[in-house]
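Heads up: the structure comes next, in structure tokens.
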Amino acid sequence: MTETTYQTTRVSALTPMAAVLGATAAAVAIWVVATLAGADLTVSFGPGQPIQKVTVVNVVVAALVGSLAGWGLLALLRRFAANARGIWTVIAIIFALLSLGGPLSTISSAGTKAWLVAMHLAVATVTIVGLRRTRGR
């Protein structure tokens, strides 16, 4: 008699909170590297507007707000749409690209803009990839 053994692979789905925290950690890591590299992370939002320093608190709040909004939208779409993950991915990519307008429109050095764009892209990438891997439709 022959015996067949089946090997199952268990793929653990990320939790949405892990994706949110990962996105925030990615942004903070870039901020730390930029700060250690001596980047002057200061911006102004227009002529005559005050110059503001980009702090780690700013980075954490922005990353959390963006990724939590993404999670909320995905949860809403999963409740009401048949192809929630696909619809959400398109919307998330569009919003990620639109978010680049923030750092690119500031009055700041090219280096500062590059660091801020890197933070935006890191948050977007980790959020999109991470939330797509969570359970649901």
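Worth a mention:
- Residues of segment 69-93 classified as surrounded by 15 or more Cβ atoms within 10 Å (Cβ to Cβ) and under 13 Å from the mean Cα position of the chain (by Cα), total: 4
- Any hit, segment 94-117, residues being hydroxyl-bearing (Ser, Thr, Tyr) and surrounded by fewer than 17 Cβ atoms within 10 Å (Cβ to Cβ): yes
- Of all residues in segment 87-97, one or more are in contact with a Lys or Arg (Cβ under 8 Å, 6 or more places away or on another chain), of a type outside the set (A, V, I, L, M, F, W, C), part of a helix (DSSP H, G or I) and modelled with pLDDT of 95 or more.
- Restricting attention to segment 118-137 and to residues that are over 19 Å from Ala69 (Cβ atoms) and open to solvent by 70 Å² or more (accessible area, probe 1.4 Å), the residue that is modelled with the highest pLDDT turns out to be Arg135.
- In segment 27-49, the residues that are open to solvent by less than 80 Å² (accessible area, probe 1.4 Å) and in contact with a Ser or Thr (Cβ under 7 Å, 6 or more places away or on another chain): Ala39, Leu41, Thr42, Val43, Ser44
The values are calculated or read from the model by the stated rules, or taken from the named source; none is laboratory data. Quick caveat, the model's predicted, so the values are computed rather than measured. Using ideal geometry, Cβ is built from the backbone for each residue, glycine included, and neighbour counts are taken over all protein chains shown. To get the accessible areas, we keep the full protein, side chains included, count just its heavy atoms, and leave off ligands, DNA and RNA. Shrake-Rupley method; radii C 1.70, N 1.55, O 1.52, S 1.80 Å.
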